[in-house]
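The numbers here are math on the coordinates, done by the rules we state, and not lab data. The structure presented is a predicted model; accordingly, all values stated were derived computationally and were not measured. We place every Cβ from the backbone using ideal geometry, glycine too, and count neighbours over all the protein chains shown.
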Amino acid sequence: MKLSVFNQEGKEVAVADAPASLFDVPMNRDMLHQVIEAQIANIRIVHASTKDRAQVRGGGRKPWRQKGTGRARHGSIRSPLWKGGGVTHGPRKERNFFKKINRKIGSLALAMALSAKARDHEVVLLDSIAFESGKTKDAAGMLTKLSGNKPLAALSTKTALVLLPEGLTRETRALRNIKNVEVKPATAATAREVLAHSYILLPKDSLPLLEKRVSISPVTASRTGERTRTVEKSRGNVHSMRKGVAVTG
């Protein structure tokens, strides 16, 4: 797939071959849906919380004696039967909505989301990004100039996600104050964030970081293989010891 490359003046300066590992990944809607659901659940903050009768303040004294008053027997004014008492089976802050996402599946979902955005012409590739002043006015001016292109006409009004390389402090500060713009390091992007925004802005320096993000590290793979061989060797030693065979080496 080919992507147009723009400069900060909003002009198309080149057409680049987009990495197939990022922008030419076939869609698997079921898998992508599972990953998005898990990512939404993992950022969920539990606000609803109630107190049971042991947590509500007061109620340590029996309100009246057990017999002789004609009233129903009670042991505490903080019983769930009383106004101001504890709540039975109410929501608790201890609820955990975490869902595990395998690293390979999460990376593949990110590549699927970027590919879908590229097919819809919603990925904006920049040759470079730099704001010497670090002012929001300059960053907003860049977005306005980019929206002058017909495919990017809605860029100034819709949401945008800017994925920057690490270390661009001035650029991050300039962009983060713009309404409807979210700035993230390219190494921390997720499929949920990509699909939650209308446009994705990428400096060319962010592409190698994203490619590394969606690829499988050879070092990790070799370490996994070494760990597997070690486990198999230890299992073989245990099996030999059970048979009474001496194990050496």
Original post:
Hey, what's the per residue convex hull volume over the C-alpha atoms of the chain, in cubic angstrom?
Top reply: 290 Å³
Original post:
Just going by the charge dipole of the range 121-197, with Lys and Arg at +1 and Asp and Glu at -1 on Cβ, which of G167, L146, N180 is farthest out on the positive end?
Top reply: N180
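Multiplying the sequence separation of N42 and K93 by 0.36 nm and subtracting their Cα-Cα distance, what value in nm do you get?
Gain in length upon complete extension: 16.9 nm.
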Original post:
Taking only the alpha-carbon atoms of the range 55-139, what semi-axes of the equivalent ellipsoid follow from 5 times the gyration tensor eigenvalues under a square root, in whole Å, largest first?
Top reply: 64, 21, 11
**OP:** Would you please give the residues with an amide H less than 5 Å from that of F6, counting only those at least 5 places away or on a separate chain, with H modeled from the backbone geometry?
**Re:** V13, L125, L126, D127
**OP:** Please return the longest stretch of the chain lacking exposed loop sites, where chymotrypsin sites (Phe, Trp or Tyr not before Pro) count only if DSSP places them in a loop and at most 13 other Cβ atoms lie within 10 Å.
**Re:** 99-249
**OP:** For every other residue with a beta carbon closer than 12 angstrom to the beta carbon of N42, add +1 if it is Lys or Arg and -1 if Asp or Glu, then tell me the sum.
**Re:** +3
Original post:
So, in Å, what gap is there between the alpha-carbon centers of the range 142-184 and the range 1-45?
Top reply: 16 Å
Original post:
Tell me, what HN-Hα J-couplings in whole Hz come from the Karplus equation 6.51 cos²θ - 1.76 cosθ + 1.60 at θ = phi - 60° for each residue of the range 108-121, using x for Gly and Pro?
Top reply: 5, 5, 4, 5, 5, 5, 5, 5, 5, 5, 5, 5, 8, 6
**OP:** Any chance you could list P(r) for the range 1-65, counting all Cα-Cα pairs in 10 angstrom bins from zero, rounded to whole %?
**Re:** 14, 17, 17, 18, 9, 8, 9, 5, 2
Original post:
Could you give the Stokes-Einstein D for the range 45-96 in µm² per second, using the C-alpha Kirkwood radius, 37 °C, 0.692 mPa s?
Top reply: 264 µm²/s
